[in-house]
Amino acid sequence: MIRKDETDWREFQRRMDAFIATACACHMSDAKWRKLFRALGELRVGRMAWKFVRSDRILYQPPPPPQALLRSCLGDFGLTAGSPYREIDWVEVPNERAAGVAEGLATVGRFPVERLTTGLRIVGYTWPRAETASGPPQTHS
C-alpha cells in the first residue's frame, strides 16, 4: 500500500516534470551543475542568489562544498539540502563578487552565462516569454 506522503511526492514530481517540459531549452545537466559549483567554490564567490523552478523565492547562500555535490541532488547543505539539480532555475553571483568569474568558468567549461545589472547569472533553463492576447508582458517601475 502506498502511503499518502509517497503519493503526494509522486504527484509533485509529475507536476515538476510537466512544468520543466515547457522550457524552450535545458542548458545544464547534473554533471554540469556539479562542475559549476566546484568551480564557483574554487573562485570563492561567497554568497550568491539561487532561484528554483516553480518558485518566486530567491535564496542566498554560497556554492555547496564538494561533499554536498551528490550525483543528482544537493546533499546536506544550507537552505537547499536535498534539492535536485534539475530544479535549479539559475544561480547568480552578485556584481561585487563577479569580477573574473566568467573568465574563470570559461577555463573549466562552457556555461550559459548572462551578464545582468545585478550580477553574473548562470541559467539552467530558457523559458517561453509569457505573452497575452494584448501583447507582451508589461513591466512595472
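The values are calculated or read from the model by the stated rules, or taken from the named source; none is laboratory data. What you see is a predicted model, and the numbers here were worked out from it, not measured in a lab. Reconstructed Cβ throughout: ideal geometry from the backbone, glycine too, with neighbour counts over all protein chains shown. What goes into the accessible areas is simple: the full protein's heavy atoms, side chains included, and nothing from ligands, DNA or RNA. Shrake-Rupley method; radii C 1.70, N 1.55, O 1.52, S 1.80 Å.
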More than 21 Å from Tyr125 (Cα to Cα), out of contact with any Pro (no Cβ under 6 Å at 6 or more places or on another chain) and surrounded by 12 or more Cβ atoms within 10 Å (Cβ to Cβ) - does that describe any residue in the stretch 23-42?
yes
Among Glu103, Glu42, Glu96, Glu114, the single one that is in contact with a strand residue (DSSP E or B) (Cβ under 7 Å, 6 or more places away or on another chain) and more than 25 Å from Arg14 (Cα to Cα) is Glu114
Considering only the stretch 19-51, state which residues are more than 27 Å from Gly100 (Cβ to Cβ) and touching a helix residue (DSSP H, G or I) at 6+ places or on another chain (Cβ under 7 Å).
Ile20
Considering only residues that are open to solvent by less than 70 Å² (accessible area, probe 1.4 Å) and over 16 Å from Cys73 (Cα atoms), look in the stretch 8-19 and name the one that is modelled with the highest pLDDT.
Ala18
Long-range neighbours under 6 Å by Cβ, at least six apart or interchain, first residue within 13 Å of Arg86 (Cα to Cα) within the stretch 11-26, second open to solvent by 80 Å² or more (accessible area, probe 1.4 Å)
Phe19/Arg54
Please specify each residue of the stretch 28-52 satisfying the condition of being outside any strand (DSSP E or B), over 17 Å from Leu105 (Cβ atoms) and under 12 Å from the mean Cα position of the chain (by Cα).
Asp30
Every residue from the stretch 53-79 that is open to solvent by less than 80 Å² (accessible area, probe 1.4 Å) and part of a strand (DSSP E or B)
Ile58, Leu59, Gln61, Leu69, Cys73, Leu74
Pairs with Cβ under 7 Å, 6+ apart, first in the stretch 81-109 and aliphatic (A, V, I, L, M), second open to solvent by 20 Å² or more (accessible area, probe 1.4 Å)
Ile88/Phe52; Val101/Leu43; Ala102/Val113; Leu105/Phe111; Leu105/Val113; Val108/Lys35
